[in-house]
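Participant: A single structure is presented below for examination.
The values are calculated or read from the model by the stated rules, or taken from the named source; none is laboratory data. Just so it is clear, the structure is predicted and the values come from calculations on it, not from any experiment. Cβ atoms come from the backbone with ideal geometry, glycine included; neighbour counts cover every protein chain shown.
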Amino acid sequence: MLCEELAKGDTIGTAVGLLAQSEFAISVIADEASDALRDEYLVPAIRGERIGAIGVTEPGAGSDVAAITTRARRDGADYVISGQKTFITNGTRADFVSLAARTGGDGARGISLIVVPTDTPGFSVGRKLDKLGTRASDTAEIFFDECRVPVGNLVGEEGRGMRYILSHFAGERLVIAALATGAMERLVELGIAYARERTTFGTALAGYQSWRHRFAGMAIRLEAARLLTYQAADLLNRGEATGEIAVSMAKVEAATSVQAVAAEVLQIHGGFGQMEESPVPRYYRDAAAMSVGAGTTEIMREIIARALV
C-alpha cells in the first residue's frame, strides 16, 4: 500500500531512492547481520541519519549475480576490497554500501555481503549517471581501491551472500510491481480527467467510444496487476514456496502494463503530453525501467518457465 501511494506522487524517482535503502540495503542487515552491525547501520538508517545503497550490479554482471568480480580478500582482521559497481541507486549520497563481493572462488558460493562505509579510504564515486527516467533518484558508478574494512562488517556468514541476495530479490521485485500498480492508477486518473475536459469538434474525448474502450482496457490491466501483486504479497507473507513465482508473474504483468498505460495516457494528452509541466511524460519515462530493475522481464519469464517445464 505504501509503495502504491508513493508512486502516485508524480515522482517515482523519489520513491526509488527511499525503497532502495529500506527494501534491500538495510533489510538484509536487519535479517542477516550481527547485533553490532544493526546498531551501527540499521538504527541510524531508520532514523534518517544515514543513507544506504546496495552494491550488486557490475559492468559485466547484472542479472547474473554469480558473475560478479569485485573481490574482498582477507588480511588479518580486515577485508581488503577492490572492484567496481554500476547503476547504484543512492550511489552519490550513500553513507554505506551493502556490498556483494567475492570472498571465495568462482560461482555463487564464493560471494559474501559486506557493509562498507563510504568514508573508507579507497572508496570513490565515479560518474553520476544520466538516466532516461526516475531522475529524482541518483544513480552512480562506485569504485573500491584496496578499501579496508573490519571482518566484523561481514553480513551473516561468509560465502552465503548469494543466498541472502536472492532471498531479498523477491521483496525488491514485489516493490516494483506495487510501484507500477500505483503509477497505473494515477495515470488512469490523469487520463480520465483530461478526457473529460478536453473537447474536439464539440465533444469531450471521454465521449468517443474509441477512448472509452481504451480506458476500459487500462482498468483491466490495472486490476489484473493489482490482484497479482496482492496475491504475491500474501504468498510471501505466508512463506509459501510459490511466492517467488507469484512475484515474478506480478512484476511481469505490472511492468508491462504500466508501460502500455503510460503510452496510452501520453497519447490522449496530445501536445500537452509532450510538455514537462505535465507529470505524464515523467511517468512515461519512469515506467521504462520497471521491466529492467531487480531482474529483467526476460529473467522473470525464465523463473516462471523453470517452475512449469
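Participant: Given Gly171, Gly182, Gly191, which one is assigned by TED's automatic domain parsing to the domain that holds Glu253, more than 21 Å from the chain's Cα centre (by Cα) and not in a strand (DSSP E or B)?
Facilitator: Gly191
Participant: Among the residues of the range 204-212, are any at pLDDT 95 or above, part of a loop (DSSP other than H, G, I, E, B), surrounded by 14 or more Cβ atoms within 10 Å (Cβ to Cβ) and at negative phi?
Facilitator: yes
Participant: Please indicate, with yes or no, whether at least one residue in the range 123-134 is farther than 26 Å from Val292 by Cα, over 21 Å from the mean Cα position of the chain (by Cα) and in contact (Cβ under 8 Å) with a residue 40 or more places away in the chain.
Facilitator: Checking the range 123-134: not a single residue is farther than 26 Å from Val292 by Cα, over 21 Å from the mean Cα position of the chain (by Cα) and in contact (Cβ under 8 Å) with a residue 40 or more places away in the chain.
Participant: OK, next. Among (1) more than 18 Å from the chain's Cα centre (by Cα); (2) in a helix (DSSP H, G or I), which single condition is Glu277 missing?
Facilitator: The failed condition is (2).
Participant: Inspect all residues belonging to the range 286-301 and state whether any of them is at positive phi and surrounded by fewer than 19 Cβ atoms within 10 Å (Cβ to Cβ). Before the answer, list the steps.
Facilitator: Here is the first cut: in the range 286-301, the residues at positive phi are 294-295.
Now drop any that are not surrounded by fewer than 19 Cβ atoms within 10 Å (Cβ to Cβ), which leaves none.
No, the range 286-301 contains no residue that is at positive phi and surrounded by fewer than 19 Cβ atoms within 10 Å (Cβ to Cβ).
Participant: Continuing with this model, one more query. Being at pLDDT 95 or above and aliphatic (A, V, I, L, M) is the filter; apply it to the range 149-164 and report the residue that is surrounded by the fewest Cβ atoms within 10 Å (Cβ to Cβ).
Facilitator: Across the range 149-164, the extreme among qualifying residues is Val151.
Participant: Name every residue in the range 1-60 that is among the β-branched types (Val, Ile, Thr) and either crowded, with 18+ Cβ neighbours inside 10 Å or under 22 Å from Lys85 (Cβ atoms) (or both), in order of residue number.
Facilitator: Matches in the range 1-60: Thr11, Ile12, Val16, Ile26, Val28, Ile29, Ile51, Ile54, Val56, Thr57.
Participant: Can you pull out every residue in the range 1-18 that is in contact (Cβ under 8 Å) with a residue 60 or more places away in the chain and within 14 Å of Ala94 (Cβ to Cβ)?
Facilitator: Val16, Gly17
Participant: On to the next question. Which residue out of Gly159, Gly152 is over 23 Å from the mean Cα position of the chain (by Cα) and at positive phi?
Facilitator: Answer to the check: Gly159.
Conditions (1) surrounded by 17 or more Cβ atoms within 10 Å (Cβ to Cβ); (2) on the phi < 0 side of the Ramachandran plot; (3) assigned to a strand (DSSP E or B), marked per residue:
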| position | (1), (2), (3) |
| --- | --- |
| Thr69 | no, yes, no |
| Tyr79 | yes, yes, yes |
| Gly83 | yes, no, yes |
| Phe87 | yes, no, yes |
| Gly91 | yes, yes, no |
| Ala100 | yes, yes, yes |
| Asp106 | no, yes, no |
| Arg109 | no, yes, no |
| Leu113 | yes, yes, yes |
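Participant: Would a scan of the range 249-265 turn up a residue that is modelled with pLDDT of 95 or more, surrounded by fewer than 22 Cβ atoms within 10 Å (Cβ to Cβ), more than 21 Å from the chain's Cα centre (by Cα) and not in a loop (DSSP other than H, G, I, E, B)?
Facilitator: Yes, the conditions are met somewhere in the range 249-265.
Participant: Say we look at the range 218-239 and pick out the residues that are touching a helix residue (DSSP H, G or I) at 6+ places or on another chain (Cβ under 8 Å) and not aliphatic (A, V, I, L, M); which of these is farthest from Arg285 (Cα to Cα)?
Facilitator: Among those that are touching a helix residue (DSSP H, G or I) at 6+ places or on another chain (Cβ under 8 Å) and not aliphatic (A, V, I, L, M), it is Gln231.
Participant: Would you check which residues across the range 194-203 are in contact with a Leu (Cβ under 8 Å, 6 or more places away or on another chain) and in a loop (DSSP other than H, G, I, E, B) and list them?
Facilitator: Arg198
Participant: Continuing with this model, one more query. What are the residues in the range 226-242 that are in a helix (DSSP H, G or I), without any contact (Cβ under 8 Å) to a residue 24 or more places away in the chain and aliphatic (A, V, I, L, M), if any?
Facilitator: Matches in the range 226-242: Leu227, Leu235.
Participant: Something else about it: Would it be correct to say that Thr86 is under 30 Å from Ala219 (Cβ atoms) and outside the structural domain of Ala250 (by TED's automatic domain parsing)?
Facilitator: Details: under 30 Å from Ala219 (Cβ atoms): no; outside the structural domain of Ala250 (by TED's automatic domain parsing): yes.
Taking the combined requirement at face value, the residue does not satisfy it.
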